[in-house]
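Rule-based calculations on the coordinates, nothing more; no lab input. Small disclaimer: the values here were computed from a predicted structure and weren't measured. Counting neighbours? That spans all protein chains shown, and the Cβs are built from the backbone with ideal geometry, glycine included.
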Amino acid sequence: MRKYVLGIETSCDDTSVAIVAQDGSVLAIKTVSQYEVHQAFGGVYPELASRAHLEAILPTIQNVMNEANVSPDDLKAIGVTRGPGLIGSLLIGLSTAQALSMGWGVPVYGINHLRGHMRSVDLEEQRTQYPAVVMLVSGGHTLVAHLSDPWSYRLLGTTRDDSVGESYDKVARMLGLGMPGGPAIDAAAKRGTPVLRLPRPMKNEGYEFSFSGLKSSVARHIEKHPEVSVDDMSASFVAACLDVLIAKAERAVIECQPKSLIIVGGVAASPQLRDGMAKLTQDHGISLCLPPIKWATDNGAMIGLATWDYIEKGIKPDLIPKPNLSLETP
Ligand code: KG4
Ligand code: ZN
């Protein structure tokens with residue numbers, strides 16, 4: 001019986017592979033992160049990312065198949081991220097998946113990474129209730145959308161410039177906190193107090209976001225006051241980001257009256273954000289759907305679960321890397 005999907009994610013700097021069943025259970029997952037490769041550059045260096053994926057991908061697939069005790073004959077499909085992401089990184093995943101598909105005689109589905117994040121909430125346990133408002137907060141994206149079911153998205157707004165995760169990473173670099181920036185800022189913020197008044201860009205306007213002004217204002221403050229406490233600056237920055245994210249989520253909840261609020265993407269690992277959204281959903285009497293922290297950042301399991309949706313719907317997009325693939329395209 002072919003009852004598993006091999007999910008492959010290589011859109012940015014994590015080579016992640018998982019074996020996922022249709023009910024969202026994860027038989028095995030391995031993620032090889034590239035932090036050490038990129039640390040010296042202070043950000044992801046695309047060409048090195050592709051090379052690192054190339055080195056890691058086959059052993060990681062082998063590892064996961066062995067651990068799950070799954071053979072190619074047990075696979076219903078291979079699902080691989082086709083975009084958005086870095087073109088070279090996407091190419092490694094896509095070409096590997098196609099080669100395996102030909103060798104094993106298993107169909108391969110190109111998956112939208114953003115849909116993968118959306119499905120991360122239902123890994124290991126069905127959590128989503130529709131209609132829902134979803135907020136995706138990651139290193140590559142910041143957006144809010146309305147979902148009447150897993151396939152019907154209405155984009156409400158996205159960012160005009162930086163994503164929220166990107167600003168966490170850039171501010172972490174300015175403060176000498178290193179990579180990955182998100183968890184380092186969170187930890188520093190917990191020790192600090194949000195005493196510095198930073199801007200809340202576009203907080204009171206619609207659903208669009210803009211985080212580059214906030215980041216520049218942190219840079220200006222550090223330049224003028226190099227003695228500033230790293231912990232207080234982190235706490236003030238986190239408070240400003242959360243204020244904006246929570247205000248937009250609340251606006252969408254009031255307008256769309258959903259059954260649940262879904263928060264996904266790497267920044268959904270932030271304990272401060274999780275607490276803030278928990279309070280918001282309690283106040284409005286709706287449920288909060290969060291992926292367990294381990295499924296918030298990029299992983300092959302979310303791509304595997306999304307693949308089951310594509311199989312069910314009979315949707316099989318092309319396997320050409322799409323660096324700018326939008327949420328609305330499968
Ligand atoms: O979803 P993700 O793994 O990759 C993209 O698709 O972009 O998100 C990565 C982002 C990074 O910017 C990272 O700093 C942020 O998620 N992140 C966090 C935390 N863990 C990761 N941000 C805030 N708090 C965290 N604990
Ligand atoms: Zn992602």
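Observations on the structure shown:
- Summarising the overall dimensions of the range 103-199 from its C-alpha atoms, the Rg and Dmax are 17.6, 60 angstrom.
- Among the listed pairs 259/294; 3/322; 203/224; 30/259; 224/294; 215/316, those beyond 30 Å (Cα-Cα): 30/259; 224/294; 215/316
- Treating r as the C-beta distance of residue 104 and residue 22 and R0 as 22 Å, the FRET efficiency rounds to 0.70.
- Pairwise Cα distances in the range 186-330 exceed 27 Å in 37 percent of cases.
- Relative to its Kirkwood radius, the Cα radius of gyration of the chain gives an Rg/Rh of 0.98.
- Sequence-separation-based contact order of the range 73-166, relative, with Cα cut under 8 Å and 6+ spacing, percent: 20
- Here the label points at residue 67 and residue 48, each 7 Å from Cα along the C-beta direction, are separated by 2.5 nm in the simple model.
- Sorted peptide list for 317-329, 167-179, criterion being average Cβ within 10 angstrom, highest first: 167-179, 317-329
- Angle in degrees between helix 230-256 and the longest Cα principal axis of the chain, rounded to the nearest 10: 70
- The mean sequence separation of alpha-carbon pairs under 8 Å and at least six residues apart, normalised by the residue count of the chain, gives a relative contact order of 25 percent.
- Selection of GluC sites (Glu not before Pro), the range 195-245, meeting DSSP coil and at most 15 other Cβ within 10 Å: 205, 227
- Both radii are taken from the alpha-carbon atoms of the range 107-265; with Rh as the Kirkwood radius, Rg/Rh is 1.02.
- Rounded to the nearest 10 degrees, the angle from helix 300-313 to the longest Cα principal axis of the chain is 60 degrees.
- Lys, Arg +1 and Asp, Glu -1 on Cβ, resulting dipole of the range 8-71 about Cα centre, debye, nearest 20: 80
- Environment charge at residue 251 (Cβ cut-off 15 Å; Lys +1, Arg +1, Asp -1, Glu -1): -2
- Based on alpha-carbon atoms, the Kirkwood radius and the radius of gyration of the range 29-105 give Rg/Rh equal to 1.01.
- Label-point gap, in nm, between residue 36 and residue 124 - each point 7 angstrom along Cα→Cβ: 2.6
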